[in-house]
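Worksheet for the structure shown next.
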Amino acid sequence: MKKQQQIKSIYLMRLLAMSLVVLVHVTGAYASVLPFAGDAYEKYHFLNRIIRIEAGIFIFITGLVFFYQYKHKKLSKSLWKEYYKKRVSFILVPYLIWALVYELHKAMLGFGDLQPTAIAKRIFFGESYYQLHFIFLIVQVYLVLPLLIWLDHSAVFFRKYMFMFGGVLQVGYFALLPYLPDNTIPLFLQLMGTLLLGGWIGVHYDREKAKSKHWSTWCWLVISAVAGTTVALYYYGSGTLGNFEWNNILYESTNYIFLVTGSYAAFRLAETVADKLSAAALAKLQQLASYSFGFYLLHPLILDYVTRAIPAYSNYLFHVQMLLRYVAVMAGCFIIIYLFHRFVPFASIFFGKLPKNSSRLKQSKAS
């Protein structure tokens, strides 16, 4: 069997998503610092909403990578055993460690409790800190991915229209939410649009890669920008100001268009850029992109301390303060993960899967 080519674009997309996640949480300070509904407040609200494509890109990459990797593999018990073993090692274990860190962090700051039952419940549902809810959904995705990949192998119709199934499941889930109990647990179905779009591209990767330089890429980007602007303005007018009644299915349908078209455009642009990179540049990007999960887990903790070191005021310095916070958080996360990666054995249990043979400890053994 011919060896599959490397998907170079995923490193650029991971870096983009990682950078946007941090930017979302850094700029979120506008809501508590700037005068409500003022000019600066409106601009930062728009920025904070329009960059929330990052979650869609992360899920898109998950679908792309796994459906591409497994499309020619024989599905067997041993294959899935290895699959779940890696998910536990590189996703679940780091999550549990950092959930406990955040539980302790909250207790030290005086707004958390250390009651074992309450901690266990929060950890299970991804409620230990504000960014960890996404991990709760990701774990659900990893649980059902084998079934989706089996459908791809078994049903030609599903394989051909996978992205449409994703859209129906995602929008349908939000359409049914008003009729479900108020305490309904968040389900992976809200991620299915970008997940199965990524899976569909993974299955048809060679064909879709060939389209990356086509002029239609810019059309997809424009559609995403229009949909994203609509989402941001609608959320501000209805969700923030309350100027008109909130319509969840209208919002989520438009947001779905924003996420899938934006993720698709990002894939095409990333493929175009990746083809122009040298092998050395790509290797550096690959290592940096491997830190993305670590950034996701670590950055709120770093942001908490950066916020205390760099206060924000409601004046012309706010923009500078946001920039300084962003640079400090990005640099702080990178330095910590890099030092763990280089000097600490088994650093992957803290930050997910990292490139091998990078620690001095391993280098000294090799010499």
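Just so you know, all these numbers are worked out from the coordinates, no wet-lab data involved. The model shown is predicted, which means the values in this text are computed figures rather than measured ones. Positions of Cβ are generated from backbone atoms using ideal geometry, with glycine treated the same way; all protein chains shown enter the neighbour counts.
Taking a straight line from the alpha carbon of K8, these lysines sit under 20 Å away, with near neighbours fewer than eight places off in the same chain left out: K71, K209, K211, K213, K276, K284, K353, K356. When the charge dipole of segment 9-362 is built from unit charges on Cβ atoms (+1 for Lys and Arg, -1 for Asp and Glu) and taken about the Cα centre, the candidate among I59, H45, L104 whose Cα reaches farthest toward its positive end is I59. Neighbour counts of C-beta atoms inside 10 Å place T261, T254, T117, T272 in the sequence T117, T272, T254, T261, starting with the fewest. Segment 247-304 and segment 107-160 have Cα centres lying 19 Å from one another. Scanning the chain for long hydrophobic helices, with DSSP H runs required to stretch 20 angstrom or more by C-alpha along their axis and to average at least -0.5 on the Kyte-Doolittle scale, returns 9-27, 54-70, 93-109, 133-154, 162-176, 216-234, 248-274, 292-309, 318-343. Of the chymotrypsin sites (Phe, Trp or Tyr not before Pro) found in segment 216-266, those that fall in a DSSP loop while having at most 12 other beta-carbon atoms within 10 Å are F244, W246.
How long is the gain from S76 to W150 if the chain were fully straight, where each residue apart is worth 0.36 nm and the alpha carbon distance is subtracted?
Working: separation 74, 0.36 × 74 = 26.64 nm, distance 1.03 nm.
Roughly 25.6 nm would be gained on extension.
In this simple spin-label approximation, K160 and I249 carry label points 7 Å from Cα along the Cα→Cβ vector, and these lie 2.9 nm apart. With neighbour counts taken as other beta-carbon atoms within 10 Å, the residues S224, S76 rank, fewest first, as S76, S224.
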